[in-house]
Each structure stands twice: as structure tokens, then as C-alpha cells.
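Have a look at the structure below, then the notes.
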Amino acid sequence: MSDKLAWPRKGNKAFVSAAQGKSFQLNPFRFSLLLKPDTFKIAAEMVIEQCHEADRFRFRDELFFPVAYLYRHGLELLLKDIIYTGIHMNFFERDIVMEALANHNLAKLWNHAKKLLLDRWPTADQAPVKAVEAVINEYHQADPNGQVFRYDEDKNGRRHRHETLPENIAIDEMRKTMDGVFTFLDTTASCLRDDLSNMLDMANDSY
């Protein structure tokens with residue numbers, strides 16, 4: 001890594017086509033919105049891995065906030081994905097769930113999503129559902145509106161105090177817990193999309 005201080009120069013652009021070297025390829029035939037929840041999780045994990053490799057990790061404590069936000073945003077997208085699938089399955093009435101979908105309240109999103117999960121798999125082991133609910137509620141208490149991990153202060157200028165969080169947060173435990181939650185929700189969302197696809201196929205075959 002160069003020690004030379006970066007400085008803006010005339011002609012700089014953030015989004016430049018890459019003729020060579022490393023690049024992000026946004027191929028419209030490969031890029032899918034369904035990848036978004038997982039990509040936020042991957043980004044959080046990449047930061048965690050860099051923290052592990054850093055010689056002076058204790059001086060990068062502020063990186064907790066972008067990591068926590070990336071995980072939170074991925075959770076929000078997964079829950080909304082499940083609810084939207086439920087709408088297309090005619091399980092939810094759109095008007096009833098739109099308030100939750102239009103906002104960032106994880107607890108409300110989870111309450112809707114959980115209804116669909118329990119309806120689709122009523123005899124399944126409830127232990128994973130309860131474990132996921134506990135983590136989602138933990139996240140909701142720490143950041144009830146999706147703004148606490150993003151900004152130092154609320155809209156009224158009051159500094160966020162993060163009183164529900166421990167003084168020292170185990171980074172490996174956080175990653176392991178969130179990996180399990182994402183695996184459960186992503187698998188569930190995928191199964192629901194398969195169910196929806198089967199329902200649509202059956203409806204088309206009936207005509």
C-alpha cells in the first residue's frame with residue numbers, strides 16, 4: 001500500500017470503465033437483486049477479516065459500526081424479501097404489510113415474516129426460529145430505526161449512547177451468530193421462492 005496521501009485531482013471519477021486491472025463487473029445478465037442481502041454480509045465479513053489481520057486492531061474499534069450496519073441492512077433486505085414473496089403467494093395483503101416494508105423496523109418485519117414461516121412449516125423445529133428472533137430483537141434494541149449504527153446523533157442532535165451494547169463485543173462470536181442467522185433466513189427465503197414458483201406453475205397448468 002502506498003504511503004502517499006491521496007488528494008483530489010481534476011478529472012477524477014468514481015465510476016470508470018476498467019480496461020485492465022481489478023474491477024467490479026456489473027453484467028446485467030448476471031447481476032441479481034436477490035444477491036443483495038448476502039453481499040452486505042460478505043462485506044461485513046471482509047472488514048472483520050481485515051481487522052483480524054491488522055497489527056493494531058484495538059485502534060480500529062470504530063469499524064464495529066459499519067460492520068454492524070452491514071449485517072443489519074442485510075437482515076432487513078432478507079426479511080423484506082420473505083414478506084414480498086408472501087405477498088405474491090397471497091399470504092399477506094399488501095396494505096397490511098406495506099407500512100413495515102416502507103420502513104426499517106426489524107421487529108415489525110420479523111413479526112410478519114415469522115407468521116409466514118410458521119404457516120408454511122407448522123411442524124418444523126422451532127428452536128432455530130426462536131434463536132433467529134432473539135438476534136433480530138437484539139439488533140432492533142440496539143438500532144430500532146436503521147439510523148443508530150449509521151450516525152453519531154439522531155435528527156434532534158442527541159448523541160446515540162448504545163446503552164444496550166456490551167463494552168467489549170466479541171468479533172468472532174458476532175460473525176458466527178450472524179452467519180447462522182443469514183443461513184437460516186436465506187435458506188428459508190429460497191424455499192419460499194421455490195414454493196411460489198411451484199404455485200405459479202400449477203396455476204398455469206390448470207388453464
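Going residue by residue through the stretch 164-183, is there one that turns out to be in contact with a His (Cβ under 9 Å, 6 or more places away or on another chain) and either surrounded by 13 or more Cβ atoms within 10 Å (Cβ to Cβ) or closer than 20 Å to E45 by Cα (or both)?
Taking every residue of the stretch 164-183 in turn, at least one turns out to be in contact with a His (Cβ under 9 Å, 6 or more places away or on another chain) and either surrounded by 13 or more Cβ atoms within 10 Å (Cβ to Cβ) or closer than 20 Å to E45 by Cα (or both).
Among (1) at pLDDT 95 or above; (2) under 24 Å from L165 (Cα atoms); (3) crowded, with 16+ Cβ neighbours inside 10 Å, where does I82 come up short?
Among (1) at pLDDT 95 or above; (2) under 24 Å from L165 (Cα atoms); (3) crowded, with 16+ Cβ neighbours inside 10 Å, I82 violates only (2).
Within the group L200, L185, L192, L109, which residue is at pLDDT 95 or above, assigned to a helix (DSSP H, G or I) and farther than 26 Å from V67 by Cβ?
L192
Return the pair list, or none, for Cβ contacts closer than 6 Å from residues in the stretch 86-99 that are modelled with pLDDT of 95 or more to residues that are assigned to a helix (DSSP H, G or I) and small (G, A, S), at least 6 apart or on different chains.
Note: pairs meeting the criteria are F92/G86.
Starting from residues that are at pLDDT below 65 and part of a loop (DSSP other than H, G, I, E, B), keep the ones in the stretch 1-34 and report whichever is surrounded by the most Cβ atoms within 10 Å (Cβ to Cβ).
If we take residues in the stretch 1-34 being at pLDDT below 65 and part of a loop (DSSP other than H, G, I, E, B), then F31 is surrounded by the most Cβ atoms within 10 Å (Cβ to Cβ).
Could you check P144 against (1) of a type outside the set (F, W, Y); (2) buried (at least 18 other Cβ atoms within 10 Å of the Cβ); (3) more than 21 Å from C191 (Cβ to Cβ); (4) in contact (Cβ under 8 Å) with a residue 24 or more places away in the chain and say which number it fails?
(2)
The values are calculated or read from the model by the stated rules, or taken from the named source; none is laboratory data. From a predicted model like this one, the values you see are computed outputs, not experimental measurements. Cβ atoms come from the backbone with ideal geometry, glycine included; neighbour counts cover every protein chain shown.
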